[in-house]
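What follows is a single structure, written as structure tokens, with notes after it.
The values are calculated or read from the model by the stated rules, or taken from the named source; none is laboratory data. Only a predicted model underlies this, so the values are computations on that prediction, with no experimental measurement involved. Positions of Cβ are backbone-derived with ideal geometry, glycine not excepted, and every protein chain shown enters the neighbour counts. Quick note on the areas: whole protein, heavy atoms, side chains included, nothing else; ligands and nucleic acids left out. Shrake-Rupley method; radii C 1.70, N 1.55, O 1.52, S 1.80 Å.
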Amino acid sequence: MRVVFFGDSRAYDWPAPSGLEGLEFVNRGIGNQTTAQVLGRFEAHIAPLHPQVVVLQVGINDLKLIPCSRIRRHLS
């Protein structure tokens, strides 16, 4: 069974567990990515692998966008 870790730097930092026979772990985490960026690369990075399980970690980098959205709202 293929398990893919997918998402931002937190996913990138996940180590493959040891001692789990029959499981193949693939890491597709990339640092500093927002949820939108991770979603945008799903077809290229995940679909071709045909995983049975995808472990997803996203959202932490979206927090850095909050100040920008507040500024844009006040300028509109």
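Residues checked against (1) open to solvent by less than 50 Å² (accessible area, probe 1.4 Å); (2) among the aromatic types (Phe, Trp, Tyr):
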residue	(1), (2)
5	yes, yes
14	no, yes
17	no, no
20	no, no
33	yes, no
36	no, no
49	yes, no
56	no, no
Exercise. If you check every pair at least six apart or on different chains, which have Cβ atoms under 9 Å apart with a residue in the stretch 38-50 that is among the charged types (D, E, K, R) first and a residue that is open to solvent by 60 Å² or more (accessible area, probe 1.4 Å) second?
Worked result: 41/28; 41/30
